[in-house]
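Worksheet for the structure shown next.
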Amino acid sequence: MKLKSKLFLSILFVGAQLFGQSPGISTTSIKANDQKIDPANMLWFDEPASIWEEALPVGNGRLGAMVYGKHGEEKIQFNEETYWTGGPYSTVVKGGYKELPKIQKFIFEGKPIEAHKLFGRALMGYPVEQQKYQSMANLHLFFGKDSVTDYSRTLDLKTGIATVKYKANGINYTREIIASAVDQTIAVRISADKAGSISLDAELRG
C-alpha cells in the first residue's frame, strides 16, 4: 500500500439517528449480492452516493463522517465537534439586560426592525453573529479505475458499520468504516479476497 501522506484520522460526524423502520417495509430478510439483509436494521444501496445527503453516516458523538462509497475514488467527509468559525468569545454583554425593556417596547409598538437592531447591539455578544459549524476535511482514497460489478453499500443500524463491497478483475473488495466511542477515532478497514491486490493513494483535502 502506498500513501501520499501519513494520515492519523480522528474523524467525526454528530451522528444522524437513523433508527426506526419505514412504513410498509417487510422485516423479512432478503438476499442482495449474496448478502443477507434485514430491511428493519439495514440501509442498502446498489450504487455510490452522488450527493452528501445520500452518503452513509458514522459517528460517536464527537467525531462523525459521511461515507460516499465510491469505488474508483472514495470520499469520506468528516467533522469534529469543536471545529467552528472564529475563536472563543463570550456571548454575555455587560449591562445588556438594561436594554431588554426597550426591545420589548419596540416589539409591542410594531417596530420589529428597531427591536432586531437593538437586540443585536445589546444582547448578541461580540462579534455580533453566531459561529458556524464547519466541515473539517474530505479524505479521498484513490483506487484503480477498473470496471466494477456486484456493487453494494450498507449501513448496519445495529453495529453502526458502513460497508462497501464490489468485484473488480475477479477480486472481491470490502471496505468497512466504523466510529469508536471507546477509542475516539474513525477507522477504515480495506480487505480483498486475493493477497497483494490492495493498492491506493490517499489525500486529505481541507
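A short reminder: the numbers here are calculations on the coordinates, not readings from a lab. If you're wondering where the values come from, they're calculated on a predicted model, not measured in any experiment. Glycine gets a Cβ as well: all are built from the backbone with ideal geometry, and neighbour counts include every protein chain shown.
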Relative contact order, percent, region 71-143 [alpha-carbon distance under 8 Å, six or more residues apart]: 60
For peptides 163-175, 41-53, 144-156, sequence by mean Cβ density within 10 Å, most packed first: 163-175, 144-156, 41-53
Once you keep just the Cα pairs under 8 angstrom separated by 6 or more residues, what percentage relative contact order results for region 73-206? 24
In the structure shown, do any of 70/132; 75/167; 132/158; 102/132; 75/194; 132/165 have a Cα-Cα gap over 27 Å, and if so which? 70/132; 132/158; 102/132; 132/165
Burial order of peptide ranges 113-120, 76-83 (average beta-carbon count within 10 Å, highest first): 76-83, 113-120
Under 18 Å Cα-Cα from residue 117, which aspartates and glutamates qualify once same-chain neighbours fewer than 8 residues away are excluded? 99, 109, 129
